[in-house]
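Derivation of every value follows stated rules applied to the coordinates shown; laboratory data play no part. Everything numeric here is computed off the predicted structure, so don't read it as measured data. Counting neighbours? That spans all protein chains shown, and the Cβs are built from the backbone with ideal geometry, glycine included.
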């Protein structure tokens, strides 16, 4: 066996799963989740903090239920992340003036700064994907993923 052969991953057949989405998404999810943990850990934040910060910043005043659904988290996981963000002064939770039963969430100025720091690291971590796909295919992939998620939410 040559050195080149040893470096090439063995290409296995998907068999019955040839047209299945989950097995193809799982390795990507696992790799990105591990990188997300590595990005969040030095800050002492739970995984998903950047996602939640970003969603709050883009959708101020949205319900925690809507944010949890969009982030792919259960509501208790979202509340735990928001608690941590609030504890670190990165997000603020106030009662909604329109509906006192709801919390209104905002990202603080410190949260904006940290969000951009985390995003810069995530962007570097995802660069191999961007390089492999190019801008057009990346846009297509993101659109297809959004459509796939929407189909399951339907």
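How far, in nm, would the chain grow between residue 86 and residue 116 when pulled straight, counting 0.36 nm per residue and subtracting the alpha carbon separation?
Working: separation 30, 0.36 × 30 = 10.80 nm, distance 1.70 nm.
My answer for the length gained is 9.1 nm.
Taking R0 as 30 Å, what FRET efficiency do you get between residue 136 and residue 25 from their Cβ-Cβ distance, rounded to the nearest 0.05?
0.90
If one takes the longest principal axis of the Cα atoms in the chain, at what angle in degrees, from 0 to 90 and to the nearest 10, does the Cα axis of helix 109-153 lie?
Once rounded, the angle reads 60 degrees.
Just to confirm the number: angle between the C-alpha axis of helix 75-87 and the first principal axis of the chain, 0 to 90 degrees, nearest 10?
Its long axis makes an angle of about 70 degrees.
Between 0 and 90 degrees, rounded to the nearest ten: what's the tilt of helix 49-58 against the longest Cα principal axis of the chain?
Orientation of helix 49-58: about 60 degrees from the principal axis.
Assuming 0.36 nm per residue, please report the length gained on full extension of the stretch residue 106 to residue 151 beyond their Cα-Cα distance.
Details: separation 45, 0.36 × 45 = 16.20 nm, distance 2.92 nm.
Net length gain for the segment: 13.3 nm.
State, as an integer percentage, the relative contact order of the chain based on alpha-carbon contacts under 8 Å between residues 6 or more apart.
On the way: 114 pairs, mean separation 28.7, N = 154.
Averaging sequence separation for qualifying contacts and normalising by length gives 19 percent for the chain.
Give me the number: length gained by fully extending residue 14 to residue 126, i.e. 0.36 nm times residue separation minus the C-alpha to C-alpha distance, one decimal in nm.
On the way: separation 112, 0.36 × 112 = 40.32 nm, distance 2.54 nm.
Full extension from residue 14 to residue 126 adds 37.8 nm.
Give the share of C-alpha pairs in each 10 angstrom bin for region 14-68, from 0 to the last occupied bin, in whole percents, shortest bins first.
21, 31, 31, 15, 2
If r is the Cβ-Cβ distance from residue 41 to residue 93 and R0 is 25 Å, what FRET efficiency results, to the nearest 0.05? Don't skip to the end; give the middle numbers.
Values: r = 24 Å, r/R0 = 0.96.
That gives a FRET efficiency of 0.55.
Expressed as a fraction of 2.2 N^0.38 Å, the rule-of-thumb size for a compact globular protein of N residues, what is the C-alpha radius of gyration of the chain? Each step should come with its number before you reach the end.
Working: Rg = 18.9 Å, N = 154, 2.2 N^0.38 = 14.9 Å.
Dividing the Cα Rg of the chain by 2.2 N^0.38 Å gives 1.26.
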